[in-house]
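Here the structure is laid out as structure tokens; the discussion comes afterwards.
The values are calculated or read from the model by the stated rules, or taken from the named source; none is laboratory data. The structure presented is a predicted model; accordingly, all values stated were derived computationally and were not measured. Positions of Cβ are backbone-derived with ideal geometry, glycine not excepted, and every protein chain shown enters the neighbour counts.
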Amino acid sequence: MNTMPSVKNKCVGYMTVTDRGNGGKTIEVSAQACWRIQRGFKFQGVDWDGKNQSFSRTFPDHVKLQPVMGHSDHDVIFSSLKMAAQSEVPCLFDIQAHIGAEIIQVIEKTHFLDYADERGFRLVVGLIPGDDMEIMENVARVVGKFGNRVGYQIIHNKYKFPRLKMFRGSPLEATLLNEYDAQTLVIPVLYDSVRLRWMEAEARHNRGISIAEFAMNADLGVDSMTRAVAEEWLRDMYRQYDRMAPLLLTAAELETFQPPPPSAQTSELTRRRGAGFNFGE
């Protein structure tokens with residue numbers, strides 16, 4: 001088992017870099033935002049997905065919509081990255097599908113990682129491997145470009161790719177885990193019926209609803225059994241984020257970070273539905 005090195009970063013930025021959509025990037029970054037709120041840590045967000053706008057709709061008080069559609073929007077990427085590196089508040093990005101190559105170009109052309117190093121800013125990159133040659137080539141390209149200059153979170157979306165046969169045991173996985181101290185996040189399967197009730201709740205209330213609010217807010221009109229499934233899904237994600245805190249939090253945040261012990265967390269959540277969650281707004 002690899003161990004994460006101690007961090008001295010003043011701030012952190014997180015984004016999933018991919019050229020494919022429907023891999024779970026938005027639900028993951030939204031869950032991470034809920035975790036930060038639940039654990040009492042601030043964040044700001046940038047929504048580069050002008051088509052869906054899910055991240056900014058769900059967290060309107062935290063996330064700014066700045067659509068990026070392609071090459072003509074390189075300046076938007078540049079400005080967002082510079083803002084994040086200059087800020088003292090960690091930044092979460094949700095990207096538009098298919099702009100991974102554009103992000104890499106901007107980071108390289110602006111020497112952003114040099115600038116980030118000077119300011120004590122660490123970029124954490126989410127990777128979504130899958131049983132598809134194009135997806136795996138994209139992951140390899142990102143790792144090849146960034147090397148050990150960024151942190152990595154490997155995202156295994158069990159709903160989309162149950163087995164990851166092309167990635168598990170590969171030289172690429174070994175490099176990420178053993179040389180680059182990558183951490184692995186497994187997104188558990190969220191039933192289609194629960195996803196449907198979630199989308200219906202958003203449509204009914206005409207606004208974005210975080211997974212945390214969906215799990216705990218009985219006023220949304222969702223049955224308790226469906227909310228219980230969502231709550232267990234989120235609890236699983238929180239446990240994993242707690243484990244990866246040295247990767248995701250700043251040095252100052254780590255000094256005060258005290259995740260609840262599993263027994264206390266379970267007893268609190270089972271005692272009162274949704275007691276352990278904030279709405280995420």
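Quick one: in the stretch 60-81, of everything that is part of a loop (DSSP other than H, G, I, E, B) and among the aliphatic types (A, V, I, L, M), which residue is surrounded by the most Cβ atoms within 10 Å (Cβ to Cβ)? Spell out the reasoning first.
Start the filter on the stretch 60-81 by keeping residues that are part of a loop (DSSP other than H, G, I, E, B), which leaves 60-62, 66-70.
Right, trim to among the aliphatic types (A, V, I, L, M) and you get 68-69.
Values: Val68: 24, Met69: 15.
Among those residues, the one meeting the criterion is Val68.
Are any of the residues in the stretch 67-88 out of contact with any Ser or Thr (no Cβ under 7 Å at 6 or more places or on another chain) and within 23 Å of Leu234 (Cβ to Cβ)?
Filtering the stretch 67-88 for residues out of contact with any Ser or Thr (no Cβ under 7 Å at 6 or more places or on another chain) gives 67-77, 79-88.
Of the ones still in play, those that are also within 23 Å of Leu234 (Cβ to Cβ) are none.
Checked the stretch 67-88: no residue is out of contact with any Ser or Thr (no Cβ under 7 Å at 6 or more places or on another chain) and within 23 Å of Leu234 (Cβ to Cβ).
Any residue in the stretch 26-47 that is crowded, with 23+ Cβ neighbours inside 10 Å, touching a helix residue (DSSP H, G or I) at 6+ places or on another chain (Cβ under 7 Å), within 15 Å of Ile95 (Cα to Cα) and among the acidic types (Asp, Glu)? Yes, the conditions are met somewhere in the stretch 26-47. When the stretch 131-149 is filtered for residues that are more than 15 Å from Leu176 (Cα to Cα) and crowded, with 20+ Cβ neighbours inside 10 Å, only Ile135 remains. When the stretch 187-205 is filtered for residues that are closer than 17 Å to Glu232 by Cα, of a type in the set (A, V, I, L, M) and either surrounded by 16 or more Cβ atoms within 10 Å (Cβ to Cβ) or touching a helix residue (DSSP H, G or I) at 6+ places or on another chain (Cβ under 7 Å) (or both), the ones remaining, listed by number, are Ile187, Leu190, Val194.
For the stretch 144-157, the condition holds for no residue, the condition being that it is of a type in the set (Lys, Arg) and either closer than 30 Å to Asp192 by Cβ or in contact with a strand residue (DSSP E or B) (Cβ under 7 Å, 6 or more places away or on another chain) (or both).
Of the residues Gly50, Gly126, Gly40, which is touching a Leu at 6+ places or on another chain (Cβ under 9 Å) and within 26 Å of Asp236 (Cβ to Cβ)? Show your work before the answer.
Details: Gly50 fails: within 26 Å of Asp236 (Cβ to Cβ); Gly40 fails: touching a Leu at 6+ places or on another chain (Cβ under 9 Å).
Checking each option against the conditions leaves just Gly126.
From Val17, Val7, which residue is over 16 Å from the mean Cα position of the chain (by Cα) and either closer than 19 Å to Ile95 by Cβ or modelled with pLDDT under 90 (or both)? If you could, list the steps in order and put the result at the bottom.
On the way: Val17 fails: over 16 Å from the mean Cα position of the chain (by Cα).
When all the criteria are applied, what remains is Val7.
Going by the conditions given, is Ser210 farther than 17 Å from Met15 by Cβ, surrounded by 15 or more Cβ atoms within 10 Å (Cβ to Cβ), at pLDDT 95 or above and hydroxyl-bearing (Ser, Thr, Tyr)?
On the way: farther than 17 Å from Met15 by Cβ: yes; surrounded by 15 or more Cβ atoms within 10 Å (Cβ to Cβ): yes; at pLDDT 95 or above: yes; hydroxyl-bearing (Ser, Thr, Tyr): yes.
For Ser210, the condition - farther than 17 Å from Met15 by Cβ, surrounded by 15 or more Cβ atoms within 10 Å (Cβ to Cβ), at pLDDT 95 or above and hydroxyl-bearing (Ser, Thr, Tyr) - is met.
Just one of the numbered conditions (1) touching a residue at least 40 places away in the same chain (Cβ under 8 Å); (2) exposed (fewer than 15 other Cβ atoms within 10 Å of the Cβ) is not true of Ile128: (2). Mind checking whether some residue in the stretch 237-260 is over 19 Å from Ala33 (Cα atoms) and either without any contact (Cβ under 8 Å) to a residue 12 or more places away in the chain or part of a helix (DSSP H, G or I) (or both)? The answer is yes, given that some residue of the stretch 237-260 is over 19 Å from Ala33 (Cα atoms) and either without any contact (Cβ under 8 Å) to a residue 12 or more places away in the chain or part of a helix (DSSP H, G or I) (or both).
Highlighted here are the helices (runs of 4 or more DSSP H) found entirely within the stretch 110-177 that include at least 1 residues which are among the aromatic types (Phe, Trp, Tyr): 112-119, 133-146. Looking at the structure I just gave you, is Ala215 touching an Asp or Glu at 6+ places or on another chain (Cβ under 7 Å) and assigned to a helix (DSSP H, G or I)? Yes; evaluated as a whole, the condition is true for this residue.
The set of residues in the stretch 41-59 being within 21 Å of Phe214 (Cα to Cα) and either in a helix (DSSP H, G or I) or more than 17 Å from the chain's Cα centre (by Cα) (or both) consists of Ser54, Phe55, Ser56, Arg57, Thr58.
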